[in-house]
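Remarks on the structure that follows.
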Amino acid sequence: MKVQWSGKPLLAVVTSAVVLAGCVSSAAIVPTPREAQPVRNPAGAVSVPIGPPVRSATPAPQLSADPGFRRAPAGLSDRIAQIWKAFPGKTGIAVQRIDGEWAIAQRGGELFPQQSVSKLWVTLAVLDAVDQGRLTLDQRVRIGPEDLTLFHQPLAARVRSEGSVTMSVRDLIETAITHSDNTANDSLLRTVGGPDAVRRFIAKKDLGAIRFGPGERLLQSGIAGLKWQQAYSVGRAFQTARAALPDATRKAAMDAYRSDPMDGASPAAIAAALTRLARGTLLSPDSTQYLLGVMSRTKSGPQRLKAGLPAGWSFLHKTGTGQDFRGMTAGYNDIGIATAPDGTRYAIVVMMGEASSPIPARMATMQSVSRAVAEFHGR
């Protein structure tokens, strides 16, 4: 082909180049939406294509330079499957690329006990109410002895010392999420309208296979085989009453919970909800950034998923841990959002519905999952 470097042919070449360049935006490429149909692989993994990502504060990498945008990195699904098979007990794993199109899972569609993971849905419902003007972060909430719960509740010491305390919704969210305080969480639950208000939020946002239980007191007493009494909120009264139950009563209650957890959720649904939270499609921009900031300050579970990520990665999360019976824990969980040094984000969910291995082995499995995500990132 003969190329002329002056005159009209050159003008045509330059004009064509300008027009072609104008067809490509510098913004992240948004793929055409497609129907999300789960694809089941022979190993039992579930790959779920998802719709197009929305813009976020962290720009999505350009598709042309990012082969991991549309598909999971080669080998990651197999590695996750190997980790899943190696851990005894009922375990569910889900990984979803937030700024991309893919998700992978093992037992991703089954229901697992959430335990304190469910505190996230309470806070989301509260912040949704804030966005709608029904609540404010500065609204004051009184907490008295009649509001105390059980297990982990650092707030209880203040209530007993002072008779009652009054805290802002903002402070209750911080305490419930970062310290996993059960009394702070139940106070938020009461303020937003109770369990039904949270269930309505989950349904309104179409979050899928995520249940919400009756609140800490009724949930934990039911799992133990007890009927709640407010006296159980004092000291170790709950543990003493639980220990006095016949083994048959405890086993029946625990088996019922394990087989059909009233607070059950699927790993895939939680990963999808975290993805939507990070993309900014669940809450207002201000509430989204506020909640992500709170989750980045979580104190619990530093040796779970977070410990598997290399230097330069960040992780914000919520943990959950259930009751033990005969060496088995019904719910040992960690869910969160991992961000790579280049800004790419992944939702990672590990839920151990029945864990009898030593705690270090549980944490090591979780670390293996997050480590694999980091290892295969960019491939």
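Computed values, structure above
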{"item": "Theoretical FRET efficiency, 1/(1+(r/R0)^6), r = Cβ-Cβ of Ala361 and Leu218, R0 35 Å, to 0.05", "result": "0.65"}
{"item": "Computed over segment 59-145: relative contact order in percent, which uses C-alpha pairs under 8 Å that are six or more apart", "result": "22"}
{"item": "Extended-chain gain in nm, criterion 0.36 nm per residue less alpha-carbon gap, Ala311 and Arg190", "result": "39.6 nm"}
{"item": "Set of aspartates and glutamates with alpha-carbon distance to Lys204 below 13 Å, sequence-local pairs under 8 removed", "result": "Asp128, Asp196"}
{"item": "Alpha carbon centroid spacing (whole Å) that separates segment 118-192 from segment 279-342", "result": "19"}
{"item": "For segment 229-379, alpha-carbon Rg relative to the globular expectation (2.2 N^0.38 Å, N residues)", "result": "1.22"}
{"item": "Relative contact order [Cα under 8 Å, 6+ residues apart], segment 278-364, whole percent", "result": "22"}
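Throughout, read-outs are computed from the coordinates displayed, never taken from laboratory work. Predicted, not measured: the structure shown is a model, and the values here were computed from it. Neighbour counts are summed over all protein chains in view; Cβ atoms, including those assigned to glycine, are modelled from backbone coordinates with ideal geometry.
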